[in-house]
Amino acid sequence: MEPDSPLAPAAFLILFALAGGDKHGYAIMQEARKLSDHTFQIGPATLYTTIQRLLDADRIREVPGPEHGDSRRKYYRLTSAGKSALHVELARMESMVKKSKAMRLRLAESS
Amino acid sequence: MNAWFYRKLLMLYPEDLRTEFGAEMALAFAEDLDNMGHLRVWWCAAGEVLTVALPGQRSNPSVLVPAISFALTALIESAEIWLGSHQAGHVAYPPIFDWAGLVIFASLLNASVALVVTRFYARCSFIRLPRN
């Protein structure tokens, strides 16, 4: 993963989901679906392939789960590199939203 | 039954992903079945075989060769049936289940042969085909 390249939708949603706190895979999957208003169909394979890439890129890391949690599950946490990548992506999106608002106004004026 | 079949389906995924996350993927799939409904979850799983599993196996001939063989046979068999129906002078398609059954059977047969040949080739040190 290039440090400043735009994030793939699955990677963005996973980082976004983890910004709210440590989560296990299935909780990330549910949160990612909720964040995308169920428009992005993320399944187990997409989820764990992306988690694998994010772990390799050091954007998330595995952490111990709660004491009485399900021992079969692995929990994940955003690293500082992950927070920074999410911050850059959110800034990119905000900039895009500003531009799209300006474009919408221009289109409305011209019609 | 669903969980068992999904675990078998995991064989199509790259080995490193399966080893590291296979158990969790199966767990997430089982939970999804309870929460999202069978049809939706299986549709998503089938899509992921095409978008995640097969592209991830580009360097594994034991999956790639049978998959290509399956796809090509399905294509050729479908075209043959379609052409055969037209050549007969009138459009008389065989019943859909016969047609689909024939295509799937022939494709699976060819994919199995391709798998056996690929495995055999991988194990035989005395066969070395030129790669260039």
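Quick note: the coordinates plus some simple rules give every number you see, no bench work behind them. All figures in this text were calculated on a predicted structure; none of them were measured in a lab. In this analysis, Cβ positions are derived from the backbone assuming ideal geometry, glycine residues included, and neighbour counts consider all displayed protein chains.
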query = Of the residues that sit in the stretch B:9-25 and are touching a residue at least 12 places away in the same chain (Cβ under 8 Å), in a helix (DSSP H, G or I) and at the interface with chain A (Cβ under 8 Å from one of its Cβ atoms), which one is nearest to residue A:70 (Cα to Cα)?
reply = B:25
query = Limited to the stretch A:32-65, what total is found for residues that are closer than 23 Å to residue B:46 by Cα and within 13 Å of another protein chain (Cβ to nearest Cβ)?
reply = 18
task = Please indicate, with yes or no, whether at least one residue in the stretch B:27-39 is within 30 Å of residue A:56 (Cα to Cα), away from every other protein chain (no Cβ under 14 Å) and not basic (Lys, Arg).
result = no
query = So which of B:47, B:22 is more than 17 Å from the chain's Cα centre (by Cα) and either farther than 17 Å from residue B:112 by Cα or among the β-branched types (Val, Ile, Thr) (or both)?
reply = B:22
inquiry  = Under 8 Å between Cβ atoms, which residue pairs at least 6 apart in sequence (or on different chains) link something in the stretch A:85-111 that is touching a residue at least 24 places away in the same chain (Cβ under 8 Å) with a partner that is assigned to a helix (DSSP H, G or I)?
reply    = A:85/A:15; A:86/A:12; A:86/A:15; A:86/A:16; A:86/A:19; A:89/A:12; A:89/A:15
message = Just to be sure I understand, how many residues within the stretch A:28-59 are part of a helix (DSSP H, G or I) and farther than 20 Å from residue B:17 by Cβ?
response = 5
